[in-house]
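Please read the structure below before turning to the comments.
The values are calculated or read from the model by the stated rules, or taken from the named source; none is laboratory data. Owing to the predicted nature of the structure, the values given are computational and were not obtained by experimental measurement. Every residue, glycine as well, gets a Cβ built from its backbone with ideal geometry; the counts of neighbours run over all protein chains shown.
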Amino acid sequence: MNILQLIVIVATLFPVSSLAQEDVLTDLRDNKKYRIKTLNNTTWMLDNLDYEADYSVGLTEEQKAKYTSFNLHGRYYHFINTDSVCPRGWRLPNRQDWIDYFNLLVKESPKKVKLETMAMEEENYYFSFLNYEKRIDLFKAGNPLNLNPTGRVEGGKLNAPDVYADYYTTDSMETFKGRGHIHIMNIYTNIHSHEHNMQPDKEEELRKFMVRCVKQTH
């Protein structure tokens, strides 16, 4: 493997505070409601976006019933819509939003966690969160962002949820603009972008992910 750049950084634990109070956002495009919560200076949706954008895929009632234990909800989106799919005034999370969130989890963890982040540039750029396995459960009931495994749609078929949650996200270092996403797992979490599985002319391989939107409070 040809590694051009490898940086391992022990993440600085910035003071991050969580506000327990939840509020509700009404998306004026379709009047659907989403729980929201402010963590530090960022307000997050606590529910997966369910706006019916072009090329998005919704869950059937049968799929929702089959995966009840995963609290599966929301729609899966084509990457070409990621810049416009969030309600007005909201946007996709970026790398710093996720760094702040992981720092919050470390701060609130009853177990000592020496969180590490790793940036690696090969053919594609990767940014990973490491060294929290068995210390932080990202999908634990009551977790601050109400995260659950999401699965993904690939080649038009639902790839059932298992141990990961996939969301579109942005990173100033992403290799292929507009294709950035995060794979959230209890082993490690990775932000990256790539062209494979993300080409509109290859529907049999095309992946679609869910969306959580954020906005800065000030």
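Results, tabulated for the structure shown:
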| quantity | calculated |
| --- | --- |
| Top-ranked residue in the range 172-211 [being under 22 Å from residue 101 (Cβ atoms), polar (S, T, N, Q) and in contact with a Ser or Thr (Cβ under 7 Å, 6 or more places away or on another chain); ranked as modelled with the lowest pLDDT] | 193 |
| Within the range 191-211, tally of residues that are farther than 21 Å from residue 59 by Cα and either hydrophobic (A, V, I, L, M, F, W, C) or not in a loop (DSSP other than H, G, I, E, B) (or both) | 3 |
| Test result for residue 187, part of a strand (DSSP E or B) and over 18 Å from residue 69 (Cβ atoms) | no |
| Residues of the range 173-184 satisfying the condition of being of a type in the set (Val, Ile, Thr) and either in contact (Cβ under 8 Å) with a residue 60 or more places away in the chain or assigned to a loop (DSSP other than H, G, I, E, B) (or both) | 175, 182 |
| Matching residues, the range 16-37, being within 17 Å of residue 73 (Cβ to Cβ) and at pLDDT below 95 | 22 |
| Unmet criterion (only one of (1) at pLDDT below 95; (2) within 15 Å of residue 97 (Cα to Cα)) for residue 214 | (1) |
| Test for residue 169: is it modelled with pLDDT of 95 or more, within 30 Å of residue 24 (Cα to Cα) and among the β-branched types (Val, Ile, Thr) | yes |
| Some residue of the range 109-119 being assigned to a strand (DSSP E or B) and either surrounded by 17 or more Cβ atoms within 10 Å (Cβ to Cβ) or of a type in the set (Lys, Arg) (or both) | yes |
| Residue ID - nearest to residue 170 (Cα to Cα), chosen from residues in the range 48-95 that are out of contact with any Gly (no Cβ under 9 Å at 6 or more places or on another chain) and of a type in the set (Val, Ile, Thr) | 85 |
| Top-ranked residue of the range 94-108 - restricted to ones that are within 16 Å of the chain's Cα centre (by Cα) and charged (D, E, K, R), ranked as surrounded by the fewest Cβ atoms within 10 Å (Cβ to Cβ) | 100 |
| Top-ranked residue in the range 143-172 [being assigned to a strand (DSSP E or B) and more than 14 Å from the chain's Cα centre (by Cα); ranked as surrounded by the most Cβ atoms within 10 Å (Cβ to Cβ)] | 153 |
| Any hit, the range 99-120, residues being touching a residue at least 60 places away in the same chain (Cβ under 8 Å), among the polar types (S, T, N, Q) and within 24 Å of residue 142 (Cβ to Cβ) | yes |
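To keep it simple, each residue is scored yes or no on (1) under 15 Å from residue 125 (Cβ atoms); (2) touching a Phe, Trp or Tyr at 6+ places or on another chain (Cβ under 8 Å); (3) of a type in the set (A, V, I, L, M).
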| position | (1), (2), (3) |
| --- | --- |
| 163 | no, no, yes |
| 176 | yes, no, no |
| 192 | yes, yes, no |
| 203 | no, no, no |
| 209 | no, yes, no |
| 214 | no, yes, yes |
